[in-house]
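S.K.: One structure, as structure tokens, below. Some questions next.
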Amino acid sequence: MAALGIGCENLMLKLIFSLTLALASLPLLSAQDEPARPRITNGPVVESVTSTTGVVAWSTNVSSGSVVYYGVDQGHLTQRSEMPWGGYTHRVTLRSLQPDTTYFFQASSPDAKGSGEVLKSQVEQFHTPASNGTAAPGTGK
């Protein structure tokens, strides 16, 4: 029985030694190794527009939500459309738009990387066509 106890102690010491070596080999983080700040990396772009809908897309460098604030007054984006948790690529459909109308919008990615930080684009615009036709992507015309 005493030999079994010594064998376990040796095994435990070897394990502790191995873990110590493994931890010692890990690099220390410096200020330059810190992860990049959450940001919008592409877009937003208007992917398509009809007389009653618009699709806005953008991407971020961290996982975050997908929300678009929009309206007909650039200073008052009072309508909101969102998709379930977004990830890195975001695509939101705006519905019940009025034909032949200019809309202003701002893409937003809340809770970026779980930080609570909200990423916001600049305010952009598009125009819905008068008929039920589809406008050229990104132009709204």
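The values are calculated or read from the model by the stated rules, or taken from the named source; none is laboratory data. No experiment lies behind these values; they were computed from the predicted model shown. Positions of Cβ are generated from backbone atoms using ideal geometry, with glycine treated the same way; all protein chains shown enter the neighbour counts.
S.K.: Across segment 89-122, which residue is surrounded by the fewest Cβ atoms within 10 Å (Cβ to Cβ) among those that are among the polar types (S, T, N, Q) and within 17 Å of the chain's Cα centre (by Cα)? Working first, answer last.
M.R.: At the first step, the residues of segment 89-122 found to be among the polar types (S, T, N, Q) are 89, 93, 96, 98, 101-102, 106, 108-109, 115, 121-122.
With the extra rule that they be within 17 Å of the chain's Cα centre (by Cα), the set shrinks to 89, 93, 106, 108-109, 115, 121-122.
Numbers: 89: 12, 93: 13, 106: 18, 108: 23, 109: 27, 115: 11, 121: 17, 122: 8.
Residue satisfying both the conditions and the ranking: 122.
S.K.: A further question follows. Restricted to segment 61-89, and to residues that are part of a strand (DSSP E or B) and touching a residue at least 40 places away in the same chain (Cβ under 8 Å), which residue is nearest to residue 41 (Cα to Cα)? Steps first, please.
M.R.: Filtering segment 61-89 for residues part of a strand (DSSP E or B) gives 61-71, 73, 76, 79-89.
From the residues that got through so far, the ones that are touching a residue at least 40 places away in the same chain (Cβ under 8 Å) too are 62-68.
On the way: 62: 10, 63: 12, 64: 12, 65: 14, 66: 14, 67: 16, 68: 16 Å.
Top of the filtered list is 62.
S.K.: When residues of segment 74-88 are filtered for being surrounded by 15 or more Cβ atoms within 10 Å (Cβ to Cβ) and modelled with pLDDT of 90 or more, how many remain?
M.R.: Total satisfying the criteria: 4.
S.K.: What do you reckon, is residue 108 in the same structural domain as residue 66 (by TED's automatic domain parsing), in contact with a Lys or Arg (Cβ under 6 Å, 6 or more places away or on another chain) and touching a residue at least 24 places away in the same chain (Cβ under 8 Å)? Steps first, please.
M.R.: Working: in the same structural domain as residue 66 (by TED's automatic domain parsing): yes; in contact with a Lys or Arg (Cβ under 6 Å, 6 or more places away or on another chain): yes; touching a residue at least 24 places away in the same chain (Cβ under 8 Å): yes.
Taking the combined requirement at face value, the residue satisfies it.
S.K.: With the structure loaded, tell me whether residue 62 is crowded, with 17+ Cβ neighbours inside 10 Å, at pLDDT below 90 and either over 17 Å from the mean Cα position of the chain (by Cα) or closer than 24 Å to residue 113 by Cα (or both) or whether it fails that test.
M.R.: Numbers: crowded, with 17+ Cβ neighbours inside 10 Å: yes; at pLDDT below 90: yes; either over 17 Å from the mean Cα position of the chain (by Cα) or closer than 24 Å to residue 113 by Cα (or both): yes.
Judged against the criteria, residue 62 is a match.
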